[in-house]
Amino acid sequence: MDILIALLAVAFYCIALVGVVPGLANNQGIRIPRVFFTALIAILLHAYLLIDLIIHPHGQNLSIFNVASLISWIIAILTTLAILKIRVWFLLPTVYSFSILCLLAASFLPGSFITHLENQPQALIHISLALFSYSTLMIATLYTLQVTWLHRRLKIKKQWTPNPNIPPLMAIERQLFNIIAIGNTLLTITLISGLFSIHDLFEQGKLHKAVLSFLAWIVYSVLLWGHYRQGWRGKRVMWFSLTGATLLTLAYFGSRLVKEFIIGG
């Protein structure tokens, strides 16, 4: 049953992609209702699958692929809701493709990492904040790569006709730094909540997660300062964003990857 749900979700994500990609490639009009409702069906199916994969009779199965699929779902729902307000069309192919890959990995490569968050409300709040901050900053990273691509395309093709489905570059940059600011604020709250929710920081080897997350917070904070105070943009923004995303990914998935696939294998 899970496999069927997964394939249906993939099919609807693909239909949504078909509604977006031609408009980006050929300046065709994109039908917002069709893309939105098709993606919404995929997201609802994805959510149903996540509930079945994560909610376990003995706790919550937060295997690395389940968590990655959950993060991709959060990113997909945030960007899909965003199309009702702003033009984020050029971001959707990457977002939906990422959701498809994570969804298939969670369905066909099952793992097990059972936790008991129902007995730890503070930890549940902390993990929820961490997931939302990570998802928001991953959206920002994808946005950064797209902005860099647009910069290069404008330099190479000076006579390039603007695509009506893509907002002006300055508007995209404003959206990008707004997203980074939101993500960094969530990351700040996550770090503060961790001080109160994680009492076994040293005993269970969680110190490296806190250190890497704090380093990522410094990177994003410096990036925001550099943009608003020094006018940073272009490649410098891209490298800072990629560095922050890498540090956060190592913090959230590094030890889990070792436990599940190296030690566990």
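Observations on the model:
- Failed condition for Leu91, given (1) under 21 Å from Arg174 (Cα atoms); (2) in contact with a His (Cβ under 8 Å, 6 or more places away or on another chain): (2)
- Qualifying residue in segment 111-120 (condition: assigned to a helix (DSSP H, G or I), of a type outside the set (Gly, Ala, Ser) and within 18 Å of Leu44 (Cα to Cα)): no
- Matching residues in segment 166-192 - criterion: being of a type outside the set (A, V, I, L, M) and open to solvent by less than 40 Å² (accessible area, probe 1.4 Å): Pro167, Glu173, Gln175, Phe177, Gly183, Asn184, Thr190
- When segment 214-226 is filtered for residues that are more than 22 Å from Ala130 (Cα to Cα) and open to solvent by 30 Å² or more (accessible area, probe 1.4 Å), only Trp225 remains.
- Ile51 being open to solvent by 60 Å² or more (accessible area, probe 1.4 Å), at pLDDT 90 or above and not aromatic (Phe, Trp, Tyr): yes
- Residues of segment 164-175 classified as closer than 25 Å to Pro22 by Cβ and in a helix (DSSP H, G or I), total: 4
- Checked against (1) buried (at least 16 other Cβ atoms within 10 Å of the Cβ); (2) under 20 Å from the mean Cα position of the chain (by Cα); (3) at pLDDT 95 or above; (4) among the hydrophobic types (A, V, I, L, M, F, W, C), Leu92 meets all criteria but (3).
- In segment 128-153, of all residues being open to solvent by less than 20 Å² (accessible area, probe 1.4 Å) and aliphatic (A, V, I, L, M), the one that is farthest from Trp217 (Cα to Cα) corresponds to Leu150.
- Test: residue in segment 56-65 that is open to solvent by less than 20 Å² (accessible area, probe 1.4 Å), of a type outside the set (Ser, Thr, Tyr) and part of a helix (DSSP H, G or I): yes
- Condition broken by Trp239, with the remaining ones in (1) modelled with pLDDT under 90; (2) surrounded by fewer than 18 Cβ atoms within 10 Å (Cβ to Cβ) satisfied: (1)
- When the residues of segment 2-20 are filtered to those that are over 18 Å from Leu81 (Cα atoms) and touching a residue at least 40 places away in the same chain (Cβ under 8 Å), the one that is surrounded by the fewest Cβ atoms within 10 Å (Cβ to Cβ) is Ile3.
- Filter result for the condition that a residue is under 14 Å from the mean Cα position of the chain (by Cα), surrounded by fewer than 21 Cβ atoms within 10 Å (Cβ to Cβ) and assigned to a helix (DSSP H, G or I), over Leu124, Leu44, Leu78: Leu78
- Taking segment 24-43 as the range and being polar (S, T, N, Q) and within 13 Å of Leu81 (Cα to Cα) as the test, only Thr38 passes.
The values are calculated or read from the model by the stated rules, or taken from the named source; none is laboratory data. From a predicted model like this one, the values you see are computed outputs, not experimental measurements. When we count neighbours, we look across all protein chains shown, and the Cβ atoms used for this are built from the backbone with ideal geometry, even at glycine. For accessibility, only protein heavy atoms count, side chains too; no ligands or nucleic acids. Shrake-Rupley method; radii C 1.70, N 1.55, O 1.52, S 1.80 Å.
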